[in-house]
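All of the numbers you see were taken from the coordinates with simple rules; none came from a lab. Everything quoted here is computed from the prediction, not taken from an experiment. When we count neighbours, we look across all protein chains shown, and the Cβ atoms used for this are built from the backbone with ideal geometry, even at glycine.
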Amino acid sequence: MANLNLRLPDDLHAVAVTEAEASHTSLNSAICDALRDWVAMRALSRKEDLILDQVMREDADLLALIRESE
């Protein structure tokens, strides 16, 4: 397991500690969970971008309908 020194603004640290305690978890676990969620969201976003790129290449009419609905 890797060790990491993390510098947090004092206000963020205080809120994170309070929230971790309220969840009956350690600050380390809360940070790991948050980072895990961030990594998963980034991966999903990249996958969505790839799908949209494919749609743009393969079906311009569908893309136009999607854009109209926004």
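At a glance:
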{"quantity": "FRET efficiency, C32 to L52 (Cβ-Cβ, R0 30 Å, nearest 0.05)", "calculated": "0.50"}
{"quantity": "Helix runs (DSSP H) in the chain reaching 24 Å along axis by Cα, Kyte-Doolittle at least -0.5", "calculated": "27-58"}
{"quantity": "Label-point separation in nm, T25 to S69, each point 7 Å along Cα→Cβ", "calculated": "3.4 nm"}
{"quantity": "Intensity falloff of the chain expressed as log10 I(q)/I(0), Debye formula with alpha-carbon point scatterers, at q = 0.24 Å⁻¹", "calculated": "-1.11"}
{"quantity": "Most to least packed among 18-31, 49-62 [average Cβ atoms within 10 Å]", "calculated": "18-31, 49-62"}
{"quantity": "Residue-averaged 222 nm ellipticity for the chain, from DSSP H runs of 4+ at -39500 (n - 2.57), nearest 500", "calculated": "-26500 deg cm²/dmol"}
{"quantity": "Longest to shortest principal axis, alpha-carbon extents of the stretch 1-42, angstrom", "calculated": "25, 21, 21"}
{"quantity": "Estimated FRET transfer efficiency (L8, R42; beta-carbon r; R0 35 Å; 0.05)", "calculated": "0.95"}
